[in-house]
Structure formats: structure tokens, C-alpha cells
1. Scan around residue 652 for amide H atoms under 5 Å from its own, H built in the peptide plane at 1.01 Å from N, and keep only partners 5 or more places away or cross-chain.
2. Compute the distance from the alpha-carbon center of region 544-586 to that of region 774-802, in whole Å.
3. Specify which residue in the list 340, 393, 358 is farthest towards the positive end of the charge dipole of region 330-409, using unit charges on the beta carbon of Lys, Arg (+1) and Asp, Glu (-1), about the Cα centre.
4. Enumerate the lysines that residue 841 could reach by cross-link, defined here as Cα to Cα under 25 Å, with residues fewer than 8 away along the same chain left out.
5. Based on the Cβ-Cβ distance from residue 455 to residue 787, what FRET efficiency comes out when R0 is 45 Å, to the nearest 0.05?
6. What ranking do 565, 664 get, fewest neighbouring Cβ atoms within 10 angstrom at the top?
7. Which value in deg cm²/dmol, rounded to the nearest 500, describes the helix-derived mean residue ellipticity at 222 nm for the chain, given -39,500 (n - 2.57) per DSSP H run of n ≥ 4 and division by the residue count?
8. Spin-label point model (7 Å from Cα, Cβ direction): what's the residue 507 to residue 604 distance in nm?
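Please treat every number below as a calculation from the coordinates, not as lab data. This one's a predicted model, so the numbers in the text were calculated from it and none came from an experiment. Positions of Cβ are backbone-derived with ideal geometry, glycine not excepted, and every protein chain shown enters the neighbour counts.
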Amino acid sequence: MSDDRRERALKLALAGLLHDVGKVKLRTGEPGASRTWDDEAKQDYGRLHALLTYDVAGNWLPPFADRDAVKNWAAQHHRPINREHYLVRLADRLSSGERDKLEKEDEVANQPKQLLSIFCVVHADNQNVPDPLYWPLRPLDLDENATADNWFPAKEWDKDNVQRRYKDLWEKLNKQALDLREAHAKGGDLETYLENLLYLMQRYTWSVPSAYYYSLPDISLYDHSRMTAALAAVLGDLALSDEELRALAQAPQDSNAPVALLVGGDLSGVQDFIYTITDRGATSALRGRSFYLQLLTEAAARYILRRLDLPITNLIYAGGGNFYLLARATDTEDLNRIRQDLSRILYNHHQGDLYLAVAGLPLKAWDFFAGRISSKWQELGELLQAVKNQRFSELPASDLARLFEPQGHGGNEEKQCSVCGREYDDVHQDKNNPEVRKCNACESFEEELGDPLRKARYLVWDFEPQLPTPPNEVTSSNTSSSWKAVLKNLGLHVHIEETLEGLHEPKGRRLILALDEKSLNTLKPTAQIAVGRRLLVNVTPLVTAEDKSKYGEEYRRRTGQSLKEGAVKPFELLSMQAKGIERLGVLRMDVDNLGQFFAQGLGEKATLSRVAALSFAISLYFEGWVGVLAQKRNRQKNDRGDLDRLYAIYSGGDDLFFVGAWDEVVELAREIRRDLTPYAAKHPGIHTSAGIVLIGGKYPLAQAAQDAGRAEEAAKRHKWWDNTDYPQEEEVKEKEEKKKEKDSICFLGRVLPWRRFGLEKSAEVSFETAYDALAFLEDLLEKQNASRSLIRTLLRLDERYQEAMQARRRAGRDLGADQRPQPLWGPWNWLFEYQLARMQKMYEKQSETKKSLEALRKQMKEAFHQRIEWVGLAARWAELRTRK
Ligand SMILES: [Zn+2]
């Protein structure tokens, strides 16, 4: 039974995925349909793009995929006749959340359009974008050569350019789809074929709007098609008569028929899992652990889909420890069983350290309309939270009894892993450091994950032909197992490879994902192997021969170990390569108010496709663009000629975690915030907050990661004033609107809004941002050989000012009667004046310096109490950067 159900779901998904593909060909301006577009053809297909879908699908689909039926299901969505036509039509309408408006004749095909940035329809932070901006029409071939000019949303192109790009996209997509057909010419595996086609659609239609006449052109053909595919797959065995189905497809917005189950997954224990390890592990330990969580999230989502006989198109989103997928309305009971099995698999490997909360929310047909999908999303979030609050309550009493048995930890040092601190029988001496003992799991995160990732070019997923039998109870274990064993229980083998040579033949189907463009070009699909590109921020600093000769001796003196060429740079070396003071920088950053965007940002416009488009757009920044920025920075030498000073531990979903030479980490954070605004179509309400901490080489990194997390929280809690940092009298009335939250950075223990921190260097000397003030102070110290007394003066005054501010805040006297923050006057004002006047005299003969000092004096005099906030930070920053 299961095989039939699976096959039907796959074919319907294929039809859904292809249903609008004729639009791409139509917009090249050269439709070349197989039939004359006359009254009879109109009668048959309703729309020219549907006829073209019929042609294209017929040409692309290999015979084994039930070509003749599927091309027909895909093409009849405007003229449905049989049951499958109505299913695809219904899926199309639920996916787009559109009422049955008559689409204007093929959207005026001779005026092809670009994709409007989804951020242009998001209402966030009470704000909208100033002007509509459009994505460039291009393949999703992001690599380190990408520039903002080629990638970020911009004004619409002229018609000729647009049509040319459509032609280019169509030619590439068509060629690859035909190659894919050839690979499956002698039969093959339907799931492999579908997954490969999905990757092709992503690559070539992510920037193609799905519709633009009546609707906003803000949803890509990729997002609309994959959600239509997902819905078609789950609608397949809807228990409705043909008559009922027809009525439902006619007016789904008025029907309360249950049509789908929105399933969410949320991994908990993530923070502790990554951050409570000690620093006895290798540099790659954190990276390995965080990547494992990424793999586990996706593997769990794929496991659920496989158990439910649903295709990969039904994975709406997976990343950052969360996933969302679409299942059948009737899958609730099965899902409960699968939840139990997943809990046992995870418990048996992680002994409760990790827990996957899974919940399903039934969706009725009308939930897909009038923005109701947003509140459903919110409701699912609440359900997941409730599940998390009762971890393992899905397990039977016999299992629960075992969970609460006391664990036999006897404080046996021989058995204790130096990295995770747990006791296991298999703990053994580390090969490289006899003082360190490691369990199998910790060793595997470093050696089988973190290390191979440093040079990885391919991510290979092998699917067991049969899913293994799930465990029938939870077990406590005295031994730990490699991360591979966990995935094996989910029916998966994941390989991380630099080359594909020597990879054994798969037993079942295989998916090979290239991690860069060059590697993608080496891949060819076969009947059992799907190929595609995976965006992954994989930025790892490696020890070079030059590093060895420059730093090797000093490194050995400090650590007693030698540098290994080609290995991941140890943290000690990264901190030695910092500018000024030797410190490691730890950065954490995420998008502010993300939950609110999804819950409210789309308002009545919220549809399943739009929600999918929004999560795709946000993750493209963190999985793609952040990697481009970090890669570029790593290729730039610093003033001592060192390369590769950044290490990406994690970047995806809506957040990131980097370590590196501290000065470089600050620059990266600034660039990430700077580029987010143009990427998000200049939306003023879409922003990030960041926390950066500096640590010495001996400080445990996991602890530093928590410190950085707290710094990020501090940045988010901070409130500041919008136009000036202290509102003028006439602005008091508006002050509530002017008061802003978040969009800040916490650095060197001080929180500043990004606009005061500074995102770009000004051409002229300026003290309006910390970044500009830093440039001025550093230049003064390094190029003009000024004495450090100016820095010391600024630091001392800043300190006195901050102390006085805090004392006043503690006494509750920092706000006036009108709740406005009050400027604080004190000796620092005249002390600063006095010191600067003295210094200016010293530079009597250096007119440039004298002029700059005069500018500083004047600006500080105007509003010392404002500017000292960031000039004080700049002084501290300059002091650290120039310390010998
Ligand atoms: Zn361990």
C-alpha cells in the first residue's frame, strides 16, 4: 500500500512542480508552442503558458515517470477535467492563496517582469520599504566573485535586458532538464528525479516571478512551484468524491475541509550541546558540533517525510535547529508514532542532551486565504513550545520510568571525556595530546566532521533502501557513538568529501550537493544520483607554510605544540594574527524581531508561498551572502601579510556565530549589517543586533560564546532615540515613536545603535560615528605619531562620565519629568576643552593634525554628553588596535 501511496504523491508533486514552467518559455518572447494558439487550443488549455507547460513537461519528463499522465496533470490547471487536474488546480490556489480571479491573458507576455523583493511587501517595525526594488534575473550561482551590484535588489531593468535574461535562464534550465531526462532514459528512481528537478528549479527560477498581472510579482516561480508540489502531494488521497473535490477547487476560500497538516520541528538543548564543551577539544570541535545539528535537523525532517511517503518538495524549510513541512490532514496518528521513534533514537544516542519537539497543526482550506496562514504559523509555534515544556511526554510510562533512573556517574576520571565531561566506557587518550581523553562522539565531531569540512567540496547523502527498524524502548548507555551512528538510525549516511574519487557505489539513492560552483560543474546526474548546489557558509582558516615560518616558533614556545600546515588554524594563532592586542573575537548576530515578521509582517497578504519566499530570502542572506563577505575578507591580507583570519562556526537561518582575529571579526560584523539593508530592499525595519567579545587564547571558547550571546542580548535590550540621541523639546510628543529598539551592537562592553557605531568610513574627518572617530584616532597615532595622551585623556573622561551616569541612573535621576534622558554636566566638559587646547599647541607645526584636533574639540563642545558615547568607545578601540 505504502509503495502506491508514495508513487502517487511523487507524481502529483512532479505535476505541481511543473505546472507553471511554461511561463519561463513564454516570457522569452519565443513561445514556439506545439499547436497554433487558436480558439480550439484556448478551449483545451485556457492559457498559452499551460499549453507550453504541456509541451515542456512532455519534453523533459522521462517515460518512466509516467510522462503522458503527468504532463497532462501539470498542464490542465486552467481547464481541469479529471481528478488529478482538480488536485493540481486546488494545490495551485491554496499555494498562492488567491481567489479565483480570471488571470489576464498570460500576464501580457510581451512585458516580462522581474521578481519584486519579498521585503517590499513586509511590514516590519511599523515601517515599509521606500521604493519597490527587484531581484536581478539570474541563476542562483552565488560564489566568492559575487558583488552587491550583481545580486542585490535594484530598480527594474529595461524590457530588452529582461527578455534577454529570460532567454538565458530558459536555455540553461532547458538544457539541464534534458540532460536529466537522458540520465533517466532507461528508467530510474522517481524520488531522485524529482529532487534533482527541484534543485534545477531552485537554481534557474528563484528570481523568476510566478505571476505578475493581478498579483504582486513578489513570489518566485521556485517558491510557488515547490509549495504547489507539496500541496498536490498531500491532497492526493483526500477522501472526497469527484463532485466534492470540484466544489472545493472552485471556492477553497469558503471551505473548512481539512486539507493538510503543518508540521514543525524544533531541536532543543542546542545551546548547551554546542557551548558547554570545554576547550580541550580541537579548533574544529565547535564547528563539527554545530554542523552536526544542521545535519540532524534536516535528517529528522527527511526521516518524517520518508515515513509518511512524502517527497522532498514537502520540506518547507530546515535550518538553525528548526524545520517546517507539509503533511496530509490524515497523518496525525502516524506523526505521533514517528515522534515517539525519533525521541527514542535521539535519547539513545544523546541521553537527553538533545530533544526534538515535533508538532502538527491541521490546516483547513480557508486557512490558506486572507492572511490566515500567519496565525496558523504562530499557533504551531505555541504548540511546539508546549511540547518542549514537556520533553519526552510522548513516550510511554515504561520509557519515562527509565529516563528518570539515576545515572551511574561515579566521578571516575579515567572514564570522563575531557571535552563534554560525560563518563563513558569508551573514553580514550587523544592521539595528539595524551593529557586529553575523549569519548567516541566528541572525537567524531572533530575528526569526522569539523576537520573534513575545512576542505569539503561535496556533501553526499546516501539513503538506505529501507529505513531501519526504530528502537522499541529507550536505553541508557555506557558507551558513546559517532554522529554517523545517529544518522544511520534515520536511514542516512552522510559523507563530507573533498573529491568524489573512491566513493563506493551507493546501495540506494544518493544526493550529491556541491558546496561551490566549480564543484557543481563536475557533477552529472544519473538514474540513482541527484545533484545540486548547496549554499553553505564554509569559511575555515588554514595554517599555511608562511604561517609556520612566521609564527611557528613562537607558537611552540607558548603551547608546546607545532603548527600543522593545512590544519584548521588554532585559536592561539588566530589571536596572534590580530592587529594590536592579541585577542580572539567572538561574534554572534541575528535578525531582530524575526518571529514578528512571520506572524504579522505579511498581514493579509500572507500565503503559504509568500511565507516560504520570506524564509528563503532571509536564509539566502545568512547561508549565502555572509559566506561571500567572509570569504572575501579572508582573501585580503592584513598589514602584516596574514590571510584567513575568520572562522565560520555557523551561519544560516537568521543567525550566525564567527570567531577570528578580533579586529577582523569587528569588520565582518560591520559589513554584514551594512549589506543587510540594500539586500533587504532598503527596508528600514529589517535589521540585526550583534554581540562581540574579546578573549585571550586560554579562555574557554564555549564560555566566550555564551558571553557573546549575552552581549547580543544586551544590544537587543538597549533603547535609543532615533534622530538625535536626546530629543529636542518639540519632539517630546513624538518621542514614543522616535524611541527605537535593537539594531545595535554591543562591543567592548558598550551598546551603540549601528548608525552610531558606523557602517561606512566617511571621506572626511568626522566624529559622528565610532568607526569614523576610530579612523581619526588611529591615523593620529600611527601616521602622525601623536602621543597616546589624547587616547588616555578620552578614556579617563569617558570613564568618569560613565560612572557619573550610572550613579545617577541607580538613583533614578537620569530621566526628566517628561521621561526624557537628561544631559549630564560635569568637570569632563571643561577638562576635555583644556586638554585639547594644550594638545593643539603641541601640534602647532602640523597643520593637518591641528585642524583635526580643532574639529574634535568643537564637536565635543557642542554635545559632549552625546558624542562621548561613541568617541569613548573609539578611544578604547584605537587603544587596543595600536597596542604593541
Ligand atoms: Zn565527549
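1. none
2. Using only Cα atoms to place each centre, the spacing works out to 29 Å.
3. Result: 358.
4. In chain and number order, the partners are 783, 850, 851, 858, 861.
5. On the way: r = 48 Å, r/R0 = 1.06.
For residue 455 and residue 787, the calculated efficiency is 0.40.
6. On the way: 565 13, 664 26.
Final ranking by Cβ density, sparse to dense: 565, 664.
7. Numbers: 32 runs with 398 residues, N = 884.
After summing the helix terms and dividing by residue count, I get -14000 deg cm²/dmol.
8. Result: 5.6 nm between the two label points.
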